[in-house]
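Novice: Below: one structure in structure tokens.
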């Protein structure tokens, strides 16, 4: 067959962005997929987890309704029905946002296992697929920790947990990062008794981690901030003993200790492609590997694991693979963890700003001083602003609030535009919205005295 301009391995956010850019430039491109079309976000990540978190949140809100004048209650959850509903949405999105998009832009998705035979040759199910350049965008999978006894039990990942047909009566979650926190609240909200082992919100500002400890406590999640040391199979489930000697028992175990690059079967070594110490494909600022013909994008390249980052790195990889020049600008990068309340951030944490050499000044606004939180009858939350003490420029915004993620677009704009805390404080904010918290918090750099509504 004729040589293609570009071949992309994968069909997730990074791969689709690469394919769309190539076709927009009039280039020939084929995407290769060995598994289910759509990548991590669609099939086992963002979409299914946030769908089930929304369901879990509805039930939890009914049980914890703060308005006694409108009593609500919640019965047991039918997990099998909820999973069917989630799967139906995934199938709809697979066609609407992947298969139909590929057809509209005019590129083929070829089924099969991709493997490098040598630095110049990619095989698909053993047949060469020649191209001027290649982009690897195969995503990531849940990591398996080196934990004694783990191989002796049937443990869940975030992927298999969302395929269960029946709710476990009790669940241990190992890992206090974003996946562990979301999964713990997902199952607790549906009625499972949950214990979480690990440091809670380890990469979050400490003021916000404290908020989440309170949030987990009030819904009955037991948090044990110790390291898991051993797993033991029990007659009625599984037990985990921490390095401090504390033992927890439950019906099921879910392990959420990070993700690793999905590179099995590619034979990267044959192509002269190196991986870093964590197993992710080593790339430069332009997503280029050590192989002159190969770029990598998305989770597999070690980029921040958000689908919008995957898409931007995929576009950059395609630009560069086709002879252009592009780098991803991570200034003000927003992130959201869909816990209750949400944890969201844009830009640097206080620790990161100090490590980068900034003289820092920070302010923290509690939920009890946010009008929207007061009207919601739920003031558990906080918003923190990190600024450069010398210039007053906003370096980072971090929040644990209901709807915190919706505050971060404005925060990203402020950081990218180089706005100061005064600029933010003097910018219009609609009253009784959670986004108003950003303006109120910025005003704390002027005075620590209380303010009137909107004043």
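The values are calculated or read from the model by the stated rules, or taken from the named source; none is laboratory data. These numbers come from a predicted model, not from an experiment. When we count neighbours, we look across all protein chains shown, and the Cβ atoms used for this are built from the backbone with ideal geometry, even at glycine.
Novice: Among the residues of region 117-128, is there at least one that is within 28 Å of the chain's Cα centre (by Cα) and in the same structural domain as residue 290 (by TED's automatic domain parsing)?
Specialist: Checking region 117-128: not a single residue is within 28 Å of the chain's Cα centre (by Cα) and in the same structural domain as residue 290 (by TED's automatic domain parsing).
Novice: Please give the number of the condition residue 108 fails out of (1) under 25 Å from residue 316 (Cβ atoms); (2) in contact with a helix residue (DSSP H, G or I) (Cβ under 6 Å, 6 or more places away or on another chain).
Specialist: Here residue 108 meets the rest and fails (2).
Novice: Of the residues in region 11-68, how many are part of a loop (DSSP other than H, G, I, E, B), at negative phi and touching a helix residue (DSSP H, G or I) at 6+ places or on another chain (Cβ under 7 Å)?
Specialist: 5
One line per residue, one yes/no per condition, for (1) over 30 Å from residue 334 (Cα atoms); (2) assigned by TED's automatic domain parsing to the domain that holds residue 32:
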site: 214; (1), (2): no, no
site: 221; (1), (2): no, no
site: 253; (1), (2): yes, no
site: 265; (1), (2): yes, yes
site: 272; (1), (2): yes, yes
site: 277; (1), (2): no, yes
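Novice: What residue, among those in region 246-291 that are under 22 Å from the mean Cα position of the chain (by Cα) and closer than 22 Å to residue 130 by Cβ, is surrounded by the fewest Cβ atoms within 10 Å (Cβ to Cβ)?
Specialist: Filtering first and then ranking leaves 263.
Novice: Related question: What is the residue count in region 373-392 for residues that are over 16 Å from residue 442 (Cβ atoms) and in contact with a helix residue (DSSP H, G or I) (Cβ under 8 Å, 6 or more places away or on another chain)? Show your work before the answer.
Specialist: Restricting attention to region 373-392, the residues satisfying the condition of being over 16 Å from residue 442 (Cβ atoms) are 373-381, 390.
Still in the running and in contact with a helix residue (DSSP H, G or I) (Cβ under 8 Å, 6 or more places away or on another chain): 373-374, 378-381.
Total meeting the criteria: 6.
Novice: Looking at region 71-93, which of the residues that are touching a helix residue (DSSP H, G or I) at 6+ places or on another chain (Cβ under 7 Å) and assigned to a loop (DSSP other than H, G, I, E, B) is farthest from residue 165 (Cα to Cα)?
Specialist: Among those that are touching a helix residue (DSSP H, G or I) at 6+ places or on another chain (Cβ under 7 Å) and assigned to a loop (DSSP other than H, G, I, E, B), it is 72.
Novice: Another question, if that's okay. Would you say residue 175 is in the same structural domain as residue 37 (by TED's automatic domain parsing), on the phi > 0 side of the Ramachandran plot and either out of contact with any helix residue (DSSP H, G or I) (no Cβ under 9 Å at 6 or more places or on another chain) or surrounded by 24 or more Cβ atoms within 10 Å (Cβ to Cβ) (or both)?
Specialist: no
Novice: I would also like to ask the following. From the set of residues in region 204-245 that are in contact (Cβ under 8 Å) with a residue 40 or more places away in the chain and in a loop (DSSP other than H, G, I, E, B), which is surrounded by the most Cβ atoms within 10 Å (Cβ to Cβ)?
Specialist: 204
Novice: Can residue 44 be described as farther than 20 Å from residue 134 by Cα and surrounded by 14 or more Cβ atoms within 10 Å (Cβ to Cβ)?
Specialist: It is true that residue 44 is farther than 20 Å from residue 134 by Cα and surrounded by 14 or more Cβ atoms within 10 Å (Cβ to Cβ).
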